[in-house]
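Engineer: There's a structure below that I have some questions on.
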Amino acid sequence: VSSRMWDWSLEPTASLYHTANSLEPLHAQFDYLKNTVSVVNDYYRAFTGYKVIAQVYDINSKKVFEKSASVYLPEDGVANYVLTIRFPENISQVHFIQLVLKDENGNDVSSNFYWRSTDKYEGSKTLTGPTSSGFEDLSKLKAAKVKLSYKTRQADGRYFVDIVMKNTSNGIAFFNQLQFLNSKMSPIRPSFYSDNFFSLIPGEKKTVTIETAKEKLSEGAMLVLKGWNT
């Protein structure tokens, strides 16, 4: 499994962040075959007054569905099927799902982003279905713009870059990757990213911290943001 989370040069891949997100202790998740949303609680305590919000966007980044539900999270358990997503019959071939879990004070606890196609699942021995095929239309995503600002700090020989990003466009900024590079345009290794390979819906903000050793900056450094349509 680790070979899929890092490439041959020890650069983290999207799989690392996907796995970290899916294993967070409070996690709202979508079932591709049942179209339902459940919430996982890995803490040894229950949570009350929480709310999960599901939003669906089409290929043009238009919101076509939204639903919310109050949820009680049992201790070390799962709140199953707290809501069902109803996809419009005329929805675009490729579309997107944003799940947000909020606590009793309205603060975001978990956020999860999916892309889905209208392809039907034809069995385990095929590469078919809403999670596996029919994603050619991702090429139709319009260009998006992300505004980026950052601050740096140092502590105990470590160097930190705290980055704030905001999608300032009307379209989804899909599958964005931050890279911390040296003057030769090579990744500064090892560097640790609090998150990466993420998508932003219109107006959404995200904070990411990059950590590396101070001595790794002897050749200078630059911050690069790459994206599918950014």
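Engineer: Given (1) modelled with pLDDT of 95 or more; (2) of a type in the set (Phe, Trp, Tyr); (3) loosely packed, with under 14 Cβ neighbours inside 10 Å, where does Tyr32 come up short, assuming only one miss?
Structural biologist: Unmet for Tyr32, out of (1) modelled with pLDDT of 95 or more; (2) of a type in the set (Phe, Trp, Tyr); (3) loosely packed, with under 14 Cβ neighbours inside 10 Å: (3).
Engineer: Turning to a different aspect of this structure: For Asn112, state whether it is in contact (Cβ under 8 Å) with a residue 12 or more places away in the chain, closer than 19 Å to Leu138 by Cβ and open to solvent by 50 Å² or more (accessible area, probe 1.4 Å). Reasoning before the result, please.
Structural biologist: Numbers: in contact (Cβ under 8 Å) with a residue 12 or more places away in the chain: yes; closer than 19 Å to Leu138 by Cβ: yes; open to solvent by 50 Å² or more (accessible area, probe 1.4 Å): no.
Against the criterion (in contact (Cβ under 8 Å) with a residue 12 or more places away in the chain, closer than 19 Å to Leu138 by Cβ and open to solvent by 50 Å² or more (accessible area, probe 1.4 Å)), Asn112 does not qualify.
Engineer: Across segment 119-153, what is the total count of residues that are touching a residue at least 60 places away in the same chain (Cβ under 8 Å) and touching a Lys or Arg at 6+ places or on another chain (Cβ under 6 Å)?
Structural biologist: The number of residues fulfilling the criteria is 1.
Engineer: Any idea which residue in segment 145-198 is farthest from Ser111 (Cα to Cα), counting only those that are open to solvent by less than 30 Å² (accessible area, probe 1.4 Å) and assigned to a loop (DSSP other than H, G, I, E, B)?
Structural biologist: Ranking the qualifying residues of segment 145-198, first place goes to Asn182.
Engineer: Something else: So, in segment 2-16, how many residues would count as being assigned to a loop (DSSP other than H, G, I, E, B) and small (Gly, Ala, Ser)?
Structural biologist: 1
Engineer: Among the residues of segment 89-99, which ones are open to solvent by 40 Å² or more (accessible area, probe 1.4 Å) and not acidic (Asp, Glu)? Let's see the steps before the verdict.
Structural biologist: Going residue by residue through segment 89-99, those that are open to solvent by 40 Å² or more (accessible area, probe 1.4 Å) are 89-90, 93.
Asn90, Gln93, listed by residue number.
Engineer: Considering each residue of segment 1-16, count those that are open to solvent by 50 Å² or more (accessible area, probe 1.4 Å) and touching a residue at least 60 places away in the same chain (Cβ under 8 Å), and give that number.
Structural biologist: Adding up the residues that qualify gives 1.
Engineer: Would you confirm whether or not segment 180-196 contains a residue that is under 26 Å from Thr19 (Cα atoms), of a type in the set (S, T, N, Q) and modelled with pLDDT of 95 or more? Steps first, answer last, please.
Structural biologist: Filtering segment 180-196 down to residues under 26 Å from Thr19 (Cα atoms) leaves 180-181, 186-196.
Filter once more, so that each one left must be of a type in the set (S, T, N, Q): 186, 191, 194, 196.
Narrowing the set further to residues that are modelled with pLDDT of 95 or more leaves 194, 196.
Taking every residue of segment 180-196 in turn, at least one turns out to be under 26 Å from Thr19 (Cα atoms), of a type in the set (S, T, N, Q) and modelled with pLDDT of 95 or more.
Engineer: In this structure, is Asn41 surrounded by 13 or more Cβ atoms within 10 Å (Cβ to Cβ), farther than 27 Å from Ser133 by Cα and not hydroxyl-bearing (Ser, Thr, Tyr)?
Structural biologist: Values: surrounded by 13 or more Cβ atoms within 10 Å (Cβ to Cβ): yes; farther than 27 Å from Ser133 by Cα: yes; not hydroxyl-bearing (Ser, Thr, Tyr): yes.
Here the answer is yes, as Asn41 does meet what is asked.
Engineer: Okay, next question. Restricting to segment 199-230, name every residue that is within 22 Å of the chain's Cα centre (by Cα) and assigned to a loop (DSSP other than H, G, I, E, B).
Structural biologist: Across segment 199-230, the qualifying residues are Ile201, Pro202, Gly203, Glu204, Gly227, Trp228, Asn229, Thr230.
Engineer: Within segment 91-109, count every residue that is over 21 Å from Thr131 (Cβ atoms) and assigned to a loop (DSSP other than H, G, I, E, B).
Structural biologist: Number satisfying all stated conditions: 5.
A quick yes/no check of all residues on (1) buried (at least 16 other Cβ atoms within 10 Å of the Cβ); (2) out of contact with any Pro (no Cβ under 8 Å at 6 or more places or on another chain); (3) not in a strand (DSSP E or B):
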| position | (1), (2), (3) |
| --- | --- |
| His18 | no, yes, yes |
| His27 | yes, yes, no |
| Arg45 | no, yes, yes |
| Gly49 | no, yes, no |
| Gln55 | yes, yes, no |
| Ile59 | yes, yes, yes |
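Engineer: Does at least one position in segment 63-81 carry a residue that is farther than 20 Å from Gly129 by Cβ, within 17 Å of the chain's Cα centre (by Cα) and open to solvent by 70 Å² or more (accessible area, probe 1.4 Å)?
Structural biologist: No; the residues of segment 63-81 include none that is farther than 20 Å from Gly129 by Cβ, within 17 Å of the chain's Cα centre (by Cα) and open to solvent by 70 Å² or more (accessible area, probe 1.4 Å).
Engineer: Residues being of a type in the set (Phe, Trp, Tyr) and on the phi > 0 side of the Ramachandran plot: count how many of those fall in segment 167-198.
Structural biologist: The qualifying residues number 2.
Engineer: Can you name the residue in segment 115-131 that is of a type in the set (Lys, Arg) and more than 21 Å from the chain's Cα centre (by Cα) and is also surrounded by the fewest Cβ atoms within 10 Å (Cβ to Cβ) among such residues? Step through it out loud before you land on a result.
Structural biologist: Our first condition is that a residue be of a type in the set (Lys, Arg); within segment 115-131, this holds for 116, 120, 125.
Then drop every residue that is not more than 21 Å from the chain's Cα centre (by Cα), which leaves 120, 125.
On the way: Lys120: 10, Lys125: 6.
Here the answer is Lys125.
The values are calculated or read from the model by the stated rules, or taken from the named source; none is laboratory data. Everything numeric here is computed off the predicted structure, so don't read it as measured data. Note that each Cβ is placed from the backbone with ideal geometry, even for glycine, and that neighbours are counted across all protein chains shown. Surface accessibility is based on the protein's heavy atoms, side chains included, excluding ligands, DNA and RNA. Shrake-Rupley method; radii C 1.70, N 1.55, O 1.52, S 1.80 Å.
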